[in-house]
Amino acid sequence: MKRDVVIRWIKKAESDLRSANVLLKADDVITEAVCFHCQQAIEKYLKAFLTEKNVRFGKIHDLLTLLEMCIREDKEFEKLDKDRISELTFYAVDVRYPDEFYTPSLEEAKEAFEIAKRVKDFIFKKLNITEKDIL
């Protein structure tokens with residue numbers, strides 16, 4: 001049962017990562033959408049790990065908070081770039097509302113995608129998940 005929930009989190013994260021990848025390949029890249037999907041993917045990968053560890057996290061979207069929760073469960077999470085990951089929280093909410101309307105550069109979008117892929121690879125190893133497991 002728990003593993004099913006973990007896999008569902010991973011599948012949702014994968015959907016966000018695929019969306020970001022498709023958007024990055026467009027002729028006119030919508031960078032804020034790429035960054036949003038990268039933030040969402042990381043959030044869901046971290047929540048998958050926390051679910052596996054039976055850690056309740058509520059409706060948290062702050063990546064630093066989630067990452068720190070993961071670190072409490074497994075010190076190896078300290079190997080992830082805490083600063084860069086936490087900066088991506090901005091793309092979850094702030095860029096989507098008129099007060100901000102910040103448009104990330106193409107380089108920022110590409111970097112967000114690379115960070116999300118690193119988190120994915122890290123989580124897949126931690127949870128012993130392969131691409132076959134999520135088909």
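Taken as a whole, the condition of being more than 24 Å from ASP133 (Cα to Cα) and aromatic (Phe, Trp, Tyr) applies to PHE101. Output yes when any residue across segment 27-39 is in a loop (DSSP other than H, G, I, E, B), without any contact (Cβ under 8 Å) to a residue 60 or more places away in the chain and charged (D, E, K, R), and no when none is. Checked segment 27-39: at least one residue is in a loop (DSSP other than H, G, I, E, B), without any contact (Cβ under 8 Å) to a residue 60 or more places away in the chain and charged (D, E, K, R).
A single entry from PHE90, PHE101, PHE113, PHE122 fulfils the requirement of being within 18 Å of ARG3 (Cα to Cα) and of a type in the set (A, V, I, L, M, F, W, C): PHE122. Among the criteria (1) within 20 Å of TRP9 (Cβ to Cβ); (2) surrounded by fewer than 20 Cβ atoms within 10 Å (Cβ to Cβ), the one GLN39 does not fulfil is (2).
Restricting to segment 42-66, name every residue that is over 22 Å from ASP4 (Cβ atoms), surrounded by fewer than 22 Cβ atoms within 10 Å (Cβ to Cβ) and among the aliphatic types (A, V, I, L, M).
Hit for segment 42-66 is LEU64, nothing else.
Among the residues making up segment 92-109, those that are of a type outside the set (Gly, Ala, Ser) and at pLDDT below 90 are VAL93, ASP94, VAL95, ARG96, TYR97, PRO98, ASP99, GLU100, PHE101, TYR102, THR103. When GLU78 is tested against (1) outside any helix (DSSP H, G or I); (2) over 22 Å from ILE134 (Cα atoms), just one condition goes unmet, and that condition is (1). For segment 40-78, what are the residues that are among the charged types (D, E, K, R) and either without any contact (Cβ under 8 Å) to a residue 24 or more places away in the chain or within 25 Å of THR103 (Cα to Cα) (or both)? GLU43, LYS44, LYS53, ARG56, LYS59, ASP62, GLU68, ARG72, LYS75, GLU78 - these are the residues of segment 40-78 that are among the charged types (D, E, K, R) and either without any contact (Cβ under 8 Å) to a residue 24 or more places away in the chain or within 25 Å of THR103 (Cα to Cα) (or both).
The values are calculated or read from the model by the stated rules, or taken from the named source; none is laboratory data. Just so it is clear, the structure is predicted and the values come from calculations on it, not from any experiment. For neighbour counting, all protein chains shown are included, and Cβ atoms are generated from backbone atoms with ideal geometry for every residue, glycine included.
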